[in-house]
Amino acid sequence: MQPGRTLILPDIAMPRPRSDGTVATPPRQQGSSSLSPSSLLAAQRRALSFRLRPSTSSAWLCVVVISSVTFFPIVVSGTLAVAIVTIAKQLGLSESEVQWPSAVLSLAQGALLLPAGSFADAFGRRATFIFGLTLYAISNLGTAFVNTGVAFIAMAAVQGIAIALLQPSAVGILSSSLPPSRMKNAAWSVFGASQPTGYAVGLIIGGLLAEQWQIVYYVVAAGSAAAVVLAHLVLPADGESLLPSHPSTRYDADVQTTRSDASALPAIPAAAAMPASGLTVSGAPSLKELAPTSDAKSETSSTRQRVKPSAKAKLLAFDWLGVLLSTSGLVLLTFALADAETRPQGFATPYIPALLPLSAILIGAFFFWERRLERQHQIFMRGQDNATPASGISPREPLVPPSIWKSSGFCAMLTTVFLVWLNFNSLPLFCSLNFQEVQGLSSVRTSIYFLTIVPVGIAANIIAGALVGRINSIWLVVVGSIGSAASALVFCITDPRNGYAKSMLPVLLFNAWPDLFFAPAQLYACTTVGPRHAALAGSLFSLTVRLSMSLGLAATSAVSTSTAKQAAKSLGISKDNPNALLKGYQAAGWLCFASSAAGLLIALLFLRKIGIVGSTTSLTSQGNDEERSRNRASERRRSELGEEIELSTLPSDSRGNTAATSEAASVISASK
């Protein structure tokens, strides 16, 4: 600091010199003792947006709103599983088009999950969530009014887009807005339990209202609209805590504003507070003015402050090429796999072998492009690129930073989830076919048999919420994987014609065991990558589950069809004979068993040290290599740009108090 400069301190209670040499502390303003600048800013934002103050009640309302984005889509999915034949007849869909609504919804959702997660992290999870929920309510209301099959399929595509926006932002909000606690574990448990609950409701009302299916969409639209209103009231701002006892934690590195509590600053002795030669002390409302000032010539060269970028700047800096490559690659892959299941020739259909390598090329180009962007961003963060963008943001960040896969256990957890959920999503299909094609049961009775999964799934999520903060989560992964493998094994070695209780009931009960580690796996994935990429982690998790279903159904269907043809040829019977079909279903079951066994092996090899995921200690001590390296790079860059306060230029009579002033400067520098 140059002699004659003015050191402007924040407007907090500071000692003032009296004429007799003693020091008097002025009284604080009423209400200023417990509110920090960040708290005042958050309160002003809540008042302007009509949001409720953080409390336990509002936090649970927020959990309910977030869980609704899983509950309502599952209700619609369960309804379609039962009533799709009736809907197809009323809207004029042919037999080959019956599966198109579900396929188009899955296609839109799977293709946009990846960019939706990055979009939520970049532009705000709260805004993305509310927009997606509004779009979902409108699409369901529009579906209730359609009278053609084409319009019904189009509305299903819009629903898929809305779900793709909702899921990553919901996971990001739930992960970053609740501090590590039992409430956070319970919230994840409620979030996971909404899936089996919604599926049960969908099966029931789908069977009861199959002829009046529009009522289901009316109800879902009304519930989604109510959730939109609640979301405006209870959803926290990005980075804000849902609980009042925990201060907000800003994860956005593009916003360089001071949000530390002024009351946390160390006390400054009277001598430091008294005006010295060349040093004037005055009150000011902002802590940022503690930064050194300089003349106009050096302002642009040595003191570059990063400001919050505008929406236009964020749109220009967003990785749109990555969105194009990833979306097109995933669309082609998902379409090829889904269409191979319905076409008579399967994978031998002429255009399917052409689409699969093309999708692989696009996905490979996407990862190459992301690696290139990450290297450019790392160079910028190391300060080797001296050209700071005028918008105040760094060069274009990758949609999915490749370094995210290096986070401890992240890749192993997603691989385990993929393998176990391949069984979880595929085996129920063959159980349903077994009931109807082999045993000759009706669709209504089949739905009733499947309801046994619901209480087991709900119980598994409740148990997971109770244990995730008390035991090593590897045990939840191991037990859930063992149950998944056991369900496929029982399906393969028992004769389903021996009776429901002796054969298929154990299969359905064991199949719900992976719900034991669904919530802990999501919590671990979001914690490992850090709060900045929580929504991206949620989108990658959801995409993993979605791809496991697409790839699993394609692979098991191919194995089942091939085995049934071979069995029919060797036995001299038709390929539609129940005995031939059963051989094919059981062959698919063996593939499901191998997948769950492989997932269990990977968990035992690479996830043994994940620890107690729901514990405060484990969550805060795990850390994140990417976050730490980013913070170190930011500190180096701020140091190179001259943003630190130089205390060596203080007058000699005030150097005796440089310890307290240095401590205050370090607090302010850390808050930046």
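The values are calculated or read from the model by the stated rules, or taken from the named source; none is laboratory data. Because the structure is a prediction, the values reported are computed rather than measured. For neighbour counting, all protein chains shown are included, and Cβ atoms are generated from backbone atoms with ideal geometry for every residue, glycine included. Quick note on the areas: whole protein, heavy atoms, side chains included, nothing else; ligands and nucleic acids left out. Shrake-Rupley method; radii C 1.70, N 1.55, O 1.52, S 1.80 Å.
I need the shape label for the stretch 139-213. Rule: rounded when a/c is under 1.5, else prolate if a/b > b/c, else oblate, with a, b, c from the alpha carbon gyration tensor. Display every interim value, and only then the final one.
On the way: a/c = 4.66, a/b = 1.79, b/c = 2.60.
Oblate is the answer for the stretch 139-213, as a/c is 1.5 or above yet b/c matches or exceeds a/b.
Report the charge-dipole magnitude of the stretch 53-196 in Debye, nearest 20, computed about the Cα centre from +1 at each Lys and Arg Cβ and -1 at each Asp and Glu Cβ. Show your work: numbers first, answer last.
Values: 6 positive and 3 negative charges, 113 e Å.
Computed about the Cα centre, the dipole is about 540 debye.
Solvent-accessible area of Ile474, probe 1.4 Å, all protein chains present, reported in Å² to the nearest ten, please.
In the full protein context, Ile474 sits at about 10 Å².
Ratio of Rg to Rh for the stretch 447-599, alpha carbon only, Kirkwood?
Values: Rg = 18.2 Å, Rh = 17.2 Å.
My calculation of the ratio gives 1.05.
Please work out, to two decimal places, the log10 of the ratio I(q)/I(0) at q = 0.11, 0.14, 0.15, 0.16 Å⁻¹ from a Debye calculation in which every Cα of the stretch 398-472 carries one identical scatterer.
-0.52, -0.73, -0.79, -0.84
How high is the FRET efficiency between Val444 and Asn579 when r is their beta carbon distance and R₀ equals 35 Å, given to the nearest 0.05? List each step's numbers first, then the result.
Working: r = 25 Å, r/R0 = 0.73.
Computed FRET efficiency for Val444 and Asn579: 0.85.
At 1.4 Å probe size, with no ligands or nucleic acids counted, give the accessible surface of Ile363 in Å², nearest ten.
40 Å²
With a Cα-only, solvent-free Debye model of the stretch 551-594, what are the log10 I(q)/I(0) values at q = 0.32 Å⁻¹?
Debye intensities relative to I(0), on a log10 scale: -1.02.
So how exposed is Thr561, as accessible area in Å² (1.4 Å probe, rounded to 10)?
70 Å²
Can you work out the FRET efficiency for the pair Leu321 and Ala360, with r the C-beta to C-beta distance and R0 = 25 Å, to the nearest 0.05?
Values: r = 18 Å, r/R0 = 0.72.
After rounding to 0.05, the efficiency reads 0.85.
Looking only at Cα atoms, what is the convex hull volume of the stretch 496-560 per residue, in Å³? Mind showing how you got there, number by number?
Values: hull volume 5.7 nm³, N = 65.
It is 88 Å³ per residue.
Would you mind calculating the gained length between Ala558 and Gln436 on full extension (0.36 nm times residue separation, minus the Cα-Cα distance), in nm to one decimal? Mind dumping the intermediate values first?
Values: separation 122, 0.36 × 122 = 43.92 nm, distance 1.96 nm.
Using 0.36 nm per residue and subtracting the Cα-Cα distance, I get 42.0 nm.
What is the calculated FRET efficiency for Ala313 to Tyr351, with r their C-beta to C-beta distance and R₀ = 41 Å, to the nearest 0.05?
Details: r = 42 Å, r/R0 = 1.01.
The formula returns an efficiency of 0.50 here.
Can you tell me which of 102-112, 139-149 comes out highest on packing, and rank the rest after it, using the mean Cβ neighbours within 10 Å? If you can, show how the numbers build up before the last one.
On the way: 102-112: 22.7, 139-149: 17.3.
Peptide ranking by packing, descending: 102-112, 139-149.
For the stretch 120-234, what does the accessible surface come to per residue with a 1.4 Å probe? Please give it in Å². If you can, show how the numbers build up before the last one.
Values: 3880 Å² over 115 residues.
Using a 1.4 Å probe on heavy atoms only, each residue of the stretch 120-234 averages 34 Å².
Can you order the peptides 475-488, 78-91 by their average number of other Cβ atoms within 10 Å per residue, highest first?
Working: 475-488: 23.1, 78-91: 19.1.
Highest to lowest by the protection proxy: 475-488, 78-91.
Give me the Kirkwood hydrodynamic radius of the stretch 396-532 in Å, from all C-alpha pairs, to one decimal place?
Values: mean 1/r = 0.0606 Å⁻¹.
About 16.5 Å for the stretch 396-532.
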